[in-house]
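The values are calculated or read from the model by the stated rules, or taken from the named source; none is laboratory data. Quick caveat: nothing in here was measured; it's all calculated off a predicted structure. Heads up, the Cβs are rebuilt from the backbone with ideal geometry, glycines too, and the neighbour counts pull from every protein chain shown. With ligands, DNA and RNA removed, areas are computed over all heavy atoms of the protein, side chains included. Shrake-Rupley method; radii C 1.70, N 1.55, O 1.52, S 1.80 Å.
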Amino acid sequence: MTARTLALAALPLLLSTAAIAASPRPPALAEVADRALEDDKLAWDFVEGITTEVGPRQAGTEAEARGRAWAVKWLKANGLAKIAIEPYQMPTWVRGEERAEIVAPYAQPLRITALGTSASTGPDGLTAEVVYFPSYAALEAAPAGSLAGKIAFISHDMKPTQDGSGYGFAGPARWTGAALAASKGAVATVIRSIGTENHRTPHTGGTTFPEGVARTPAGALSNPDADNLERMFARAGGQPITMKLVLTPRDLGRTESGNVVGEITGRDPKLAPVLLACHLDSWDLGTGAIDDGAGCGIAAAAAKHVAKAGPPLRTVRVLFAGAEETGLWGSKAYAAAHKGMPIYAGLESDFGADRIWRLDTNFTKTDPALYKQLAQAVARFGVAPSQEVAGGGADLNLARESGAAILDLQQDGTRYFDLHHTPDDTLDKIDPAALRQNVAVWTQVVGILANRAEPIEKGETGARR
Ligand code: ZN
Ligand code: ZN
(Lines give C-alpha, C1' and ligand atoms only; values in the text may rest on other atoms or scores of the structure.)
(Ligands and ions follow the chains in the order given, each with its own letter.)
Protein backbone atom coordinates (compact mmCIF):
# COMPACT_ATOMS: atom_id res chain seq x y z
CA MET A 1 0.00 0.00 0.00
CA THR A 2 1.43 3.39 -1.03
CA ALA A 3 1.28 6.44 1.14
CA ARG A 4 -1.38 7.87 -1.17
CA THR A 5 -3.71 4.84 -0.99
CA LEU A 6 -3.22 4.75 2.78
CA ALA A 7 -4.33 8.37 3.00
CA LEU A 8 -7.37 7.67 0.81
CA ALA A 9 -8.32 4.62 2.87
CA ALA A 10 -8.19 6.69 6.07
CA LEU A 11 -10.22 9.53 4.57
CA PRO A 12 -13.75 8.23 5.39
CA LEU A 13 -12.67 7.57 8.95
CA LEU A 14 -11.27 11.08 9.29
CA LEU A 15 -14.42 12.57 7.77
CA SER A 16 -16.76 10.67 10.07
CA THR A 17 -14.68 11.61 13.12
CA ALA A 18 -14.91 15.24 12.06
CA ALA A 19 -18.67 14.95 11.62
CA ILE A 20 -19.08 13.55 15.14
CA ALA A 21 -16.96 16.32 16.55
CA ALA A 22 -19.00 18.95 14.72
CA SER A 23 -22.44 17.79 15.90
CA PRO A 24 -22.35 15.82 19.17
CA ARG A 25 -24.76 12.90 18.99
CA PRO A 26 -26.65 11.59 22.00
CA PRO A 27 -25.04 8.57 23.64
CA ALA A 28 -26.16 5.18 22.41
CA LEU A 29 -28.86 3.40 24.42
CA ALA A 30 -26.46 0.79 25.85
CA GLU A 31 -24.22 3.55 27.13
CA VAL A 32 -27.16 5.31 28.79
CA ALA A 33 -28.20 2.03 30.47
CA ASP A 34 -24.63 1.42 31.65
CA ARG A 35 -24.51 4.91 33.13
CA ALA A 36 -27.84 4.31 34.91
CA LEU A 37 -26.31 1.26 36.58
CA GLU A 38 -23.48 3.42 37.89
CA ASP A 39 -25.20 6.62 38.86
CA ASP A 40 -28.98 6.75 38.40
CA LYS A 41 -30.40 9.05 41.04
CA LEU A 42 -33.93 9.47 39.67
CA ALA A 43 -35.54 6.30 41.01
CA TRP A 44 -34.09 6.87 44.45
CA ASP A 45 -35.15 10.52 44.36
CA PHE A 46 -38.71 9.45 43.58
CA VAL A 47 -39.06 6.80 46.26
CA GLU A 48 -37.12 8.75 48.88
CA GLY A 49 -39.20 11.84 48.15
CA ILE A 50 -42.65 10.28 48.16
CA THR A 51 -42.03 8.17 51.27
CA THR A 52 -40.67 11.21 53.10
CA GLU A 53 -43.04 13.95 51.94
CA VAL A 54 -46.22 11.87 51.64
CA GLY A 55 -45.71 8.52 53.37
CA PRO A 56 -48.55 5.96 53.31
CA ARG A 57 -51.00 6.47 50.46
CA GLN A 58 -54.05 4.37 51.09
CA ALA A 59 -56.43 4.04 48.16
CA GLY A 60 -59.30 6.52 48.05
CA THR A 61 -58.05 8.65 50.95
CA GLU A 62 -56.72 12.20 51.05
CA ALA A 63 -53.24 10.70 51.57
CA GLU A 64 -53.47 9.04 48.16
CA ALA A 65 -54.59 12.39 46.70
CA ARG A 66 -51.48 14.04 48.20
CA GLY A 67 -49.45 11.25 46.58
CA ARG A 68 -50.96 12.10 43.18
CA ALA A 69 -50.19 15.80 43.62
CA TRP A 70 -46.63 14.95 44.65
CA ALA A 71 -46.15 12.64 41.65
CA VAL A 72 -47.45 15.29 39.24
CA LYS A 73 -44.96 17.80 40.64
CA TRP A 74 -42.13 15.28 40.31
CA LEU A 75 -43.01 14.38 36.71
CA LYS A 76 -43.18 18.10 35.79
CA ALA A 77 -39.85 18.81 37.45
CA ASN A 78 -38.36 15.96 35.44
CA GLY A 79 -39.67 17.17 32.10
CA LEU A 80 -42.27 14.57 31.16
CA ALA A 81 -45.04 15.66 28.78
CA LYS A 82 -48.85 15.35 28.87
CA ILE A 83 -48.94 14.92 32.65
CA ALA A 84 -52.47 14.45 33.94
CA ILE A 85 -54.54 13.08 36.79
CA GLU A 86 -57.36 10.85 35.53
CA PRO A 87 -59.90 10.62 38.40
CA TYR A 88 -62.46 7.90 39.12
CA GLN A 89 -64.68 6.93 42.05
CA MET A 90 -64.19 3.86 44.21
CA PRO A 91 -65.44 2.34 47.49
CA THR A 92 -63.05 3.23 50.29
CA TRP A 93 -62.30 1.31 53.47
CA VAL A 94 -60.15 2.56 56.34
CA ARG A 95 -58.65 0.86 59.35
CA GLY A 96 -59.83 1.49 62.90
CA GLU A 97 -58.81 0.09 66.23
CA GLU A 98 -57.35 -3.43 66.07
CA ARG A 99 -56.76 -5.73 69.03
CA ALA A 100 -56.86 -9.45 69.69
CA GLU A 101 -56.40 -11.34 72.92
CA ILE A 102 -56.71 -14.90 74.11
CA VAL A 103 -59.23 -14.86 76.94
CA ALA A 104 -58.86 -18.50 78.00
CA PRO A 105 -57.14 -20.76 78.80
CA TYR A 106 -53.84 -18.88 78.26
CA ALA A 107 -54.87 -15.22 78.52
CA GLN A 108 -52.54 -12.85 76.66
CA PRO A 109 -52.65 -10.22 73.91
CA LEU A 110 -51.77 -11.04 70.28
CA ARG A 111 -50.61 -8.73 67.49
CA ILE A 112 -53.17 -8.38 64.72
CA THR A 113 -54.08 -6.11 61.82
CA ALA A 114 -57.36 -5.93 59.91
CA LEU A 115 -57.57 -7.15 56.31
CA GLY A 116 -58.93 -4.72 53.72
CA THR A 117 -62.77 -4.86 53.47
CA SER A 118 -63.02 -6.53 56.90
CA ALA A 119 -66.30 -5.81 58.69
CA SER A 120 -66.24 -4.16 62.11
CA THR A 121 -66.73 -6.05 65.36
CA GLY A 122 -68.08 -2.84 66.87
CA PRO A 123 -66.16 -1.03 69.60
CA ASP A 124 -66.99 -3.66 72.22
CA GLY A 125 -65.54 -6.44 70.08
CA LEU A 126 -66.64 -10.04 69.90
CA THR A 127 -65.56 -13.03 71.93
CA ALA A 128 -65.81 -16.57 70.58
CA GLU A 129 -64.17 -19.95 70.47
CA VAL A 130 -61.38 -20.36 67.91
CA VAL A 131 -61.29 -23.28 65.45
CA TYR A 132 -57.84 -24.11 64.08
CA PHE A 133 -57.17 -24.95 60.44
CA PRO A 134 -53.54 -25.69 59.59
CA SER A 135 -54.18 -25.06 55.90
CA TYR A 136 -56.67 -23.57 53.47
CA ALA A 137 -57.50 -27.10 52.30
CA ALA A 138 -58.44 -28.07 55.88
CA LEU A 139 -60.90 -25.16 55.99
CA GLU A 140 -62.31 -26.22 52.61
CA ALA A 141 -62.93 -29.68 54.06
CA ALA A 142 -64.86 -28.35 57.09
CA PRO A 143 -68.56 -29.30 56.92
CA ALA A 144 -71.22 -26.69 56.13
CA GLY A 145 -72.42 -24.89 59.25
CA SER A 146 -69.62 -26.32 61.37
CA LEU A 147 -68.20 -22.89 62.20
CA ALA A 148 -71.45 -21.34 63.46
CA GLY A 149 -70.60 -18.81 66.16
CA LYS A 150 -66.85 -19.52 65.94
CA ILE A 151 -63.72 -17.64 64.92
CA ALA A 152 -61.82 -19.50 62.18
CA PHE A 153 -58.02 -19.47 62.48
CA ILE A 154 -56.30 -20.31 59.18
CA SER A 155 -52.62 -20.91 59.83
CA HIS A 156 -51.52 -21.62 56.25
CA ASP A 157 -47.82 -20.74 56.22
CA MET A 158 -45.75 -19.23 53.44
CA LYS A 159 -42.17 -19.89 52.38
CA PRO A 160 -39.95 -17.39 50.59
CA THR A 161 -39.13 -18.08 46.93
CA GLN A 162 -37.07 -16.10 44.45
CA ASP A 163 -39.94 -15.96 41.96
CA GLY A 164 -42.63 -15.13 44.52
CA SER A 165 -44.54 -18.34 43.77
CA GLY A 166 -45.05 -18.96 47.50
CA TYR A 167 -47.62 -16.13 47.41
CA GLY A 168 -49.72 -18.12 44.97
CA PHE A 169 -49.80 -21.12 47.32
CA ALA A 170 -50.42 -19.23 50.59
CA GLY A 171 -52.32 -16.21 49.26
CA PRO A 172 -55.83 -17.79 49.10
CA ALA A 173 -55.90 -17.91 52.92
CA ARG A 174 -55.98 -14.10 52.84
CA TRP A 175 -57.77 -13.48 49.55
CA THR A 176 -60.79 -15.74 50.14
CA GLY A 177 -60.28 -17.52 53.50
CA ALA A 178 -62.58 -15.20 55.46
CA ALA A 179 -65.39 -15.55 52.92
CA LEU A 180 -65.01 -19.33 52.91
CA ALA A 181 -65.12 -19.46 56.73
CA ALA A 182 -68.12 -17.08 56.77
CA SER A 183 -69.95 -19.33 54.32
CA LYS A 184 -69.60 -22.13 56.91
CA GLY A 185 -70.96 -19.92 59.70
CA ALA A 186 -67.82 -18.30 61.18
CA VAL A 187 -68.45 -14.95 62.91
CA ALA A 188 -64.88 -13.80 62.23
CA THR A 189 -61.60 -15.05 60.74
CA VAL A 190 -58.01 -14.60 61.78
CA ILE A 191 -55.22 -15.83 59.51
CA ARG A 192 -51.50 -16.35 59.90
CA SER A 193 -49.91 -13.40 58.08
CA ILE A 194 -49.12 -14.04 54.44
CA GLY A 195 -45.48 -13.21 55.04
CA THR A 196 -42.13 -14.92 55.37
CA GLU A 197 -40.44 -13.29 58.37
CA ASN A 198 -40.82 -13.92 62.07
CA HIS A 199 -41.36 -10.40 63.38
CA ARG A 200 -44.41 -9.22 65.30
CA THR A 201 -45.47 -7.17 62.31
CA PRO A 202 -48.74 -8.51 60.92
CA HIS A 203 -49.21 -8.27 57.14
CA THR A 204 -52.36 -6.57 55.92
CA GLY A 205 -53.84 -6.91 52.41
CA GLY A 206 -57.20 -7.21 50.77
CA THR A 207 -59.71 -9.98 51.31
CA THR A 208 -62.80 -10.51 49.19
CA PHE A 209 -66.36 -11.47 50.03
CA PRO A 210 -68.38 -12.51 46.98
CA GLU A 211 -71.96 -11.37 46.40
CA GLY A 212 -74.28 -13.11 48.82
CA VAL A 213 -71.68 -13.76 51.54
CA ALA A 214 -72.06 -11.32 54.43
CA ARG A 215 -68.77 -9.62 55.31
CA THR A 216 -67.29 -10.62 58.66
CA PRO A 217 -64.40 -9.17 60.68
CA ALA A 218 -61.09 -10.51 59.34
CA GLY A 219 -57.55 -9.96 60.52
CA ALA A 220 -54.00 -11.29 60.20
CA LEU A 221 -51.90 -12.30 63.20
CA SER A 222 -48.15 -11.76 63.06
CA ASN A 223 -46.24 -14.99 62.41
CA PRO A 224 -44.91 -15.34 66.00
CA ASP A 225 -48.45 -14.83 67.32
CA ALA A 226 -49.80 -17.47 64.93
CA ASP A 227 -47.03 -19.82 66.18
CA ASN A 228 -48.08 -19.09 69.76
CA LEU A 229 -51.73 -19.77 69.02
CA GLU A 230 -50.78 -23.09 67.37
CA ARG A 231 -48.84 -24.09 70.49
CA MET A 232 -51.88 -23.24 72.62
CA PHE A 233 -53.93 -25.74 70.60
CA ALA A 234 -51.20 -28.33 71.12
CA ARG A 235 -51.19 -27.77 74.91
CA ALA A 236 -54.88 -27.16 75.58
CA GLY A 237 -55.79 -30.85 75.49
CA GLY A 238 -59.06 -30.20 73.74
CA GLN A 239 -60.37 -27.46 76.03
CA PRO A 240 -61.81 -24.55 74.04
CA ILE A 241 -59.57 -21.58 73.20
CA THR A 242 -61.44 -18.30 73.36
CA MET A 243 -60.40 -15.08 71.64
CA LYS A 244 -61.61 -11.52 71.99
CA LEU A 245 -61.33 -9.55 68.79
CA VAL A 246 -61.76 -5.79 68.38
CA LEU A 247 -61.59 -4.53 64.78
CA THR A 248 -63.36 -1.26 63.98
CA PRO A 249 -62.65 -0.42 60.32
CA ARG A 250 -65.08 1.83 58.48
CA ASP A 251 -66.46 2.13 54.96
CA LEU A 252 -66.28 5.71 53.72
CA GLY A 253 -68.54 5.03 50.74
CA ARG A 254 -67.42 6.10 47.27
CA THR A 255 -64.56 8.57 47.21
CA GLU A 256 -62.28 9.95 44.54
CA SER A 257 -59.10 8.19 43.51
CA GLY A 258 -57.10 8.66 40.32
CA ASN A 259 -54.34 7.59 37.98
CA VAL A 260 -51.37 9.81 37.20
CA VAL A 261 -50.00 9.67 33.66
CA GLY A 262 -47.13 11.31 31.81
CA GLU A 263 -45.03 10.54 28.78
CA ILE A 264 -41.91 10.94 26.73
CA THR A 265 -43.54 11.75 23.41
CA GLY A 266 -42.20 9.68 20.53
CA ARG A 267 -41.01 10.91 17.13
CA ASP A 268 -44.09 9.24 15.66
CA PRO A 269 -46.90 9.72 18.20
CA LYS A 270 -49.29 7.80 15.89
CA LEU A 271 -47.48 4.56 16.69
CA ALA A 272 -48.75 2.48 19.64
CA PRO A 273 -46.93 3.49 22.82
CA VAL A 274 -44.90 1.44 25.26
CA LEU A 275 -46.73 1.47 28.60
CA LEU A 276 -44.74 1.46 31.87
CA ALA A 277 -46.92 0.79 34.93
CA CYS A 278 -46.67 0.75 38.70
CA HIS A 279 -49.07 1.74 41.47
CA LEU A 280 -48.99 4.90 43.50
CA ASP A 281 -51.25 3.81 46.36
CA SER A 282 -49.91 1.79 49.27
CA TRP A 283 -51.22 0.12 52.36
CA ASP A 284 -51.34 2.37 55.38
CA LEU A 285 -49.05 0.50 57.78
CA GLY A 286 -45.69 1.31 56.16
CA THR A 287 -44.68 4.15 53.84
CA GLY A 288 -45.12 2.28 50.54
CA ALA A 289 -41.40 2.13 49.68
CA ILE A 290 -41.03 -1.35 48.19
CA ASP A 291 -44.78 -1.59 47.41
CA ASP A 292 -44.77 0.31 45.22
CA GLY A 293 -42.94 3.62 45.44
CA ALA A 294 -39.84 1.89 44.07
CA GLY A 295 -41.77 0.58 41.06
CA CYS A 296 -42.93 4.07 40.08
CA GLY A 297 -39.41 5.40 40.53
CA ILE A 298 -37.99 2.65 38.30
CA ALA A 299 -40.57 3.17 35.54
CA ALA A 300 -40.26 6.96 35.50
CA ALA A 301 -36.47 6.90 35.66
CA ALA A 302 -36.32 4.45 32.74
CA ALA A 303 -38.59 6.67 30.63
CA LYS A 304 -36.30 9.64 31.29
CA HIS A 305 -33.12 7.70 30.52
CA VAL A 306 -34.48 6.30 27.25
CA ALA A 307 -34.90 9.88 26.02
CA LYS A 308 -31.23 10.61 26.74
CA ALA A 309 -30.35 8.36 23.80
CA GLY A 310 -32.41 10.68 21.58
CA PRO A 311 -36.19 11.00 21.30
CA PRO A 312 -37.61 7.46 20.93
CA LEU A 313 -39.61 6.45 17.86
CA ARG A 314 -42.63 5.48 19.97
CA THR A 315 -44.12 7.33 22.90
CA VAL A 316 -43.15 5.92 26.30
CA ARG A 317 -46.14 6.40 28.61
CA VAL A 318 -45.93 6.10 32.36
CA LEU A 319 -48.99 4.99 34.33
CA PHE A 320 -48.89 5.51 38.10
CA ALA A 321 -52.09 3.62 38.85
CA GLY A 322 -54.23 4.42 41.87
CA ALA A 323 -55.97 2.02 44.21
CA GLU A 324 -54.26 -1.21 43.17
CA GLU A 325 -54.21 -2.65 46.67
CA THR A 326 -57.94 -2.55 47.28
CA GLY A 327 -59.12 -4.01 44.00
CA LEU A 328 -57.23 -2.74 40.93
CA TRP A 329 -59.58 0.25 40.64
CA GLY A 330 -57.00 2.36 38.83
CA SER A 331 -56.08 -0.35 36.35
CA LYS A 332 -59.75 -0.99 35.56
CA ALA A 333 -60.49 2.74 35.22
CA TYR A 334 -57.51 3.26 32.90
CA ALA A 335 -58.56 0.32 30.73
CA ALA A 336 -62.14 1.66 30.54
CA ALA A 337 -61.10 5.26 29.83
CA HIS A 338 -58.68 4.26 27.04
CA LYS A 339 -60.56 1.28 25.64
CA GLY A 340 -59.45 0.59 22.08
CA MET A 341 -56.13 2.41 22.42
CA PRO A 342 -53.48 0.06 21.04
CA ILE A 343 -50.44 -0.59 23.25
CA TYR A 344 -47.20 -1.85 21.68
CA ALA A 345 -45.79 -3.39 24.85
CA GLY A 346 -46.61 -3.26 28.56
CA LEU A 347 -44.28 -3.64 31.55
CA GLU A 348 -44.95 -3.22 35.26
CA SER A 349 -42.67 -2.89 38.27
CA ASP A 350 -44.49 -4.02 41.43
CA PHE A 351 -42.35 -6.57 43.24
CA GLY A 352 -40.02 -4.49 45.38
CA ALA A 353 -36.61 -3.11 44.52
CA ASP A 354 -34.29 -6.09 44.54
CA ARG A 355 -32.35 -6.94 41.40
CA ILE A 356 -33.92 -8.21 38.19
CA TRP A 357 -32.80 -11.77 37.49
CA ARG A 358 -35.01 -13.06 34.64
CA LEU A 359 -36.66 -11.86 31.46
CA ASP A 360 -40.13 -13.29 30.70
CA THR A 361 -42.28 -12.24 27.73
CA ASN A 362 -45.36 -13.40 25.86
CA PHE A 363 -43.37 -13.55 22.60
CA THR A 364 -40.36 -15.64 23.64
CA LYS A 365 -41.30 -18.45 21.25
CA THR A 366 -43.31 -16.49 18.68
CA ASP A 367 -40.81 -13.67 18.05
CA PRO A 368 -37.52 -15.36 18.92
CA ALA A 369 -35.39 -12.78 17.12
CA LEU A 370 -36.72 -9.93 19.28
CA TYR A 371 -36.54 -12.04 22.42
CA LYS A 372 -32.93 -12.92 21.65
CA GLN A 373 -32.06 -9.27 21.04
CA LEU A 374 -33.54 -8.26 24.42
CA ALA A 375 -32.02 -11.19 26.33
CA GLN A 376 -28.58 -10.50 24.89
CA ALA A 377 -28.90 -6.81 25.71
CA VAL A 378 -29.61 -7.41 29.42
CA ALA A 379 -27.26 -10.37 29.97
CA ARG A 380 -24.53 -7.97 31.10
CA PHE A 381 -26.77 -6.89 33.99
CA GLY A 382 -27.04 -10.48 35.22
CA VAL A 383 -30.51 -11.16 33.79
CA ALA A 384 -31.20 -14.73 32.68
CA PRO A 385 -33.38 -15.79 29.73
CA SER A 386 -36.41 -17.97 30.42
CA GLN A 387 -39.23 -19.88 28.75
CA GLU A 388 -41.83 -18.68 31.30
CA VAL A 389 -44.76 -16.85 29.75
CA ALA A 390 -45.25 -13.29 31.02
CA GLY A 391 -48.68 -12.28 32.31
CA GLY A 392 -47.95 -8.69 33.29
CA GLY A 393 -48.66 -6.82 36.51
CA ALA A 394 -52.00 -5.84 37.99
CA ASP A 395 -52.00 -2.36 36.45
CA LEU A 396 -51.61 -3.60 32.86
CA ASN A 397 -55.28 -4.42 32.23
CA LEU A 398 -55.34 -2.15 29.18
CA ALA A 399 -52.21 -3.76 27.71
CA ARG A 400 -53.60 -7.27 28.23
CA GLU A 401 -57.04 -6.32 26.85
CA SER A 402 -55.50 -4.72 23.76
CA GLY A 403 -53.37 -7.80 23.05
CA ALA A 404 -50.07 -6.00 23.62
CA ALA A 405 -46.68 -7.59 24.03
CA ILE A 406 -46.14 -8.18 27.75
CA LEU A 407 -42.78 -8.31 29.47
CA ASP A 408 -42.07 -9.23 33.09
CA LEU A 409 -38.65 -8.08 34.24
CA GLN A 410 -38.67 -10.47 37.18
CA GLN A 411 -37.21 -9.15 40.40
CA ASP A 412 -35.69 -11.32 43.10
CA GLY A 413 -38.58 -11.79 45.53
CA THR A 414 -36.73 -13.77 48.20
CA ARG A 415 -37.17 -11.11 50.89
CA TYR A 416 -40.14 -9.23 49.41
CA PHE A 417 -42.70 -11.03 51.60
CA ASP A 418 -40.70 -10.29 54.75
CA LEU A 419 -41.79 -6.69 54.30
CA HIS A 420 -44.90 -6.76 52.11
CA HIS A 421 -47.89 -4.87 53.58
CA THR A 422 -46.23 -4.37 56.98
CA PRO A 423 -45.08 -1.32 58.95
CA ASP A 424 -41.59 -2.38 57.81
CA ASP A 425 -42.20 -1.35 54.19
CA THR A 426 -39.90 1.65 54.51
CA LEU A 427 -37.11 3.27 52.48
CA ASP A 428 -34.19 1.78 54.43
CA LYS A 429 -35.09 -1.66 53.04
CA ILE A 430 -34.14 -0.56 49.52
CA ASP A 431 -30.60 -1.33 48.35
CA PRO A 432 -29.62 1.63 46.14
CA ALA A 433 -27.35 -0.54 43.95
CA ALA A 434 -30.14 -3.06 43.30
CA LEU A 435 -32.51 -0.18 42.52
CA ARG A 436 -30.04 1.16 39.94
CA GLN A 437 -29.74 -2.31 38.36
CA ASN A 438 -33.54 -2.25 37.91
CA VAL A 439 -33.35 1.14 36.22
CA ALA A 440 -30.51 0.00 33.95
CA VAL A 441 -32.40 -3.12 32.79
CA TRP A 442 -35.62 -1.18 32.26
CA THR A 443 -33.78 1.53 30.32
CA GLN A 444 -32.19 -1.05 28.03
CA VAL A 445 -35.39 -3.01 27.39
CA VAL A 446 -37.76 -0.04 27.06
CA GLY A 447 -35.27 1.75 24.81
CA ILE A 448 -35.12 -1.19 22.38
CA LEU A 449 -38.91 -1.51 22.28
CA ALA A 450 -39.56 2.21 21.93
CA ASN A 451 -37.22 2.49 18.96
CA ARG A 452 -38.65 -0.46 17.06
CA ALA A 453 -41.11 0.03 14.20
CA GLU A 454 -41.99 -3.60 13.41
CA PRO A 455 -44.98 -5.34 15.01
CA ILE A 456 -44.27 -8.01 17.65
CA GLU A 457 -45.44 -11.57 16.98
CA LYS A 458 -47.15 -12.37 20.28
CA GLY A 459 -48.11 -15.73 21.69
CA GLU A 460 -50.50 -16.47 24.56
CA THR A 461 -50.29 -14.20 27.59
CA GLY A 462 -49.70 -15.85 30.96
CA ALA A 463 -51.61 -15.40 34.21
CA ARG A 464 -51.60 -11.91 35.71
CA ARG A 465 -48.91 -11.43 38.30
ZN1 ZN B 1 -48.01 -3.73 44.81
ZN1 ZN C 1 -49.30 -4.70 47.73
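Annotations
- Region 394-449 and region 188-252: distance between their alpha carbon centers, rounded to Å: 29
- Farthest toward positive dipole pole in region 305-367 [+1 Lys/Arg, -1 Asp/Glu at C-beta], among GLY346, THR361, PRO312: PRO312
- Placing SER146, SER222 in order of accessible area, with the largest value first and a 1.4 Å probe, yields SER146, SER222.
- Ordering PRO249, VAL130, SER120 by Cα displacement along the dipole of region 98-251 toward the positive end leaves VAL130 in first place; charges were set at the Cβ atoms of Lys, Arg (+1) and Asp, Glu (-1).
- What you get for region 79-226, charging only the Cβ of Lys and Arg (+1) and of Asp and Glu (-1), is a dipole of about 80 debye around the Cα centre.
- Using the 1.4 Å probe convention, the accessible area of region 98-251 works out to 41 Å² per residue with neighbouring protein chains retained.
- Protein-only accessible surface at a 1.4 angstrom probe places the residues MET232, MET341 in the order MET341, MET232, largest first.
- Sparsely packed GluC sites (Glu not before Pro) within region 173-279, loop by DSSP, other Cβ within 10 Å at most 10: GLU211
- Rounded if a/c under 1.5, otherwise prolate or oblate - region 98-251, Cα gyration tensor axes: rounded
- Positive dipole terminus of the chain, leading residue within ALA450, ALA390, ASN223 (C-beta point charges): ALA450
- When only Cα pairs below 8 angstrom with a gap of at least 6 residues are kept, region 98-251 shows a relative contact order of 38 percent.
- This model, with +1 at the C-beta of Lys and Arg and -1 at the C-beta of Asp and Glu, gives region 40-121 a dipole about its Cα centre of some 200 debye.
- Here is the P(r) of the chain: all C-alpha pair distances, binned every 10 Å from 0, give 4, 20, 27, 22, 14, 7, 3, 1, 1, 0, 0 in whole percents.
- Around ASP45: net Lys/Arg minus Asp/Glu count, Cβ-Cβ under 15 Å: +1
- Span-rule helices in the chain, defined as complete DSSP H runs reaching 24 Å or more along the axis (Cα) with Kyte mean at least -0.5: 3-22, 432-450
- In region 384-449, the chymotrypsin sites (Phe, Trp or Tyr not before Pro) that fall in loop regions by DSSP, at most 16 other Cβ within 10 Å: none
- Cross-link reach is defined here as a Cα-Cα straight distance under 26 Å, omitting same-chain residues fewer than 8 places apart; for LYS159 the lysines meeting it are LYS429.
- If both residues of a DSSP beta bridge must be in the chain, then about 55% of such bridges are antiparallel.
- Assigned charges on the beta-carbon of Lys, Arg, Asp, Glu; the chain dipole about Cα centre (debye): 920
- The chain, relative contact order [Cα under 8 Å, separation at least 6], %: 21
- Ordering TYR167, TYR132, TYR371 by accessible surface, largest first, gives TYR132, TYR167, TYR371; the 1.4 Å probe counts only protein heavy atoms, with every chain in place.
- Counting Lys and Arg as +1 and Asp and Glu as -1 over every other residue whose Cβ lies under 12 Å from the Cβ of GLU401, the net charge comes to +4.
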